[in-house]
Amino acid sequence: MAYAYDPQNIFARILRGEIPNRTVMETAHTLAFADIHPQAPIHVLVIPKGPYVCADHFALAATDAEIVDFTRAIGRICADLGIQPGEGGQGFRTIANAGDAAAQEVPHYHVHILSGRPLGRMLQQPD
Ligand code: 5GP
């Protein structure tokens, strides 16, 4: 795998407790916390505790236990927040940016969960 993980990235520092966060959920392999610059009334970041850079890295290199824990955590967070569209909630969007084309800012894999307002169409044209 060609990925080099930077242990000084901001989410690694959050995982080590060096920077505070507003935790939404913590499990054996996953941490979820509020985004510091929310782009919707609900904006949660879900990260694996392991050193994975982006979605494909995680999907190919993480253990089955990590992947199951992470995926179930996303489901439980959506249930806890009452945003599941199949359960009467308003729905949500998950986003995982990877690399330069997606303007990934923090090189530790994370899934954004956004909800609480109409989110528009999936992509906008770049300026
Ligand atoms: P990306 O562009 O990498 O997909 O998103 C990175 C996200 O991390 C951004 O939404 C940004 O607001 C958030 N973020 C950056 N630094 C911090 C921080 O120190 N704490 C928290 N809670 N969120 C952060």
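The values are calculated or read from the model by the stated rules, or taken from the named source; none is laboratory data. The structure presented is a predicted model; accordingly, all values stated were derived computationally and were not measured. When we count neighbours, we look across all protein chains shown, and the Cβ atoms used for this are built from the backbone with ideal geometry, even at glycine. Quick note on the areas: whole protein, heavy atoms, side chains included, nothing else; ligands and nucleic acids left out. Shrake-Rupley method; radii C 1.70, N 1.55, O 1.52, S 1.80 Å.
Placing 80, 35 in order of accessible area, with the largest value first and a 1.4 Å probe, yields 80, 35. To the nearest ten degrees, helix 64-81 and the longest principal axis of the Cα atoms of the chain are 30 degrees apart.
Exposed loop sites were defined as trypsin sites (Lys or Arg not before Pro) in DSSP loop states (anything but H, G, I, E or B) carrying at most 14 other C-beta atoms within 10 Å; in the chain the longest segment without such a site runs 23-120. For residue 9 and residue 80, a Förster radius of 30 Å and the Cβ-Cβ distance give a FRET efficiency of 0.65, rounded to the nearest 0.05.
When the expected Rg is taken as 2.2 N^0.38 Å, what fraction or multiple of it is the alpha-carbon Rg of the range 19-68? The partial results should precede the final answer.
Details: Rg = 12.0 Å, N = 50, 2.2 N^0.38 = 9.7 Å.
Cα Rg divided by the expected 2.2 N^0.38 Å: 1.24.
Stokes-Einstein diffusion of the chain at 4 °C, 1.567 mPa s viscosity, Kirkwood radius from Cα pairs, rounded to a whole number: 85 µm²/s.
Just from its helices, what would the mean residue ellipticity at 222 nm be for the chain, if runs of 4 or more DSSP H residues each count -39500 (n - 2.57) and the sum is divided by every residue, rounded to the nearest 500 deg cm²/dmol?
-7000 deg cm²/dmol
Note on surface exposure: 26, 18, 87 rank 87, 26, 18 by accessible area, highest first, 1.4 Å probe. With Cβ to Cβ distances under 13 Å as the rule, what net charge do the other residues near residue 109 carry (K, R +1; D, E -1)? Around residue 109, the surrounding residues sum to -3. Full extension of the segment from residue 119 to residue 71, taken as 0.36 nm per residue of separation minus the current Cα-Cα distance, would add 15.1 nm.
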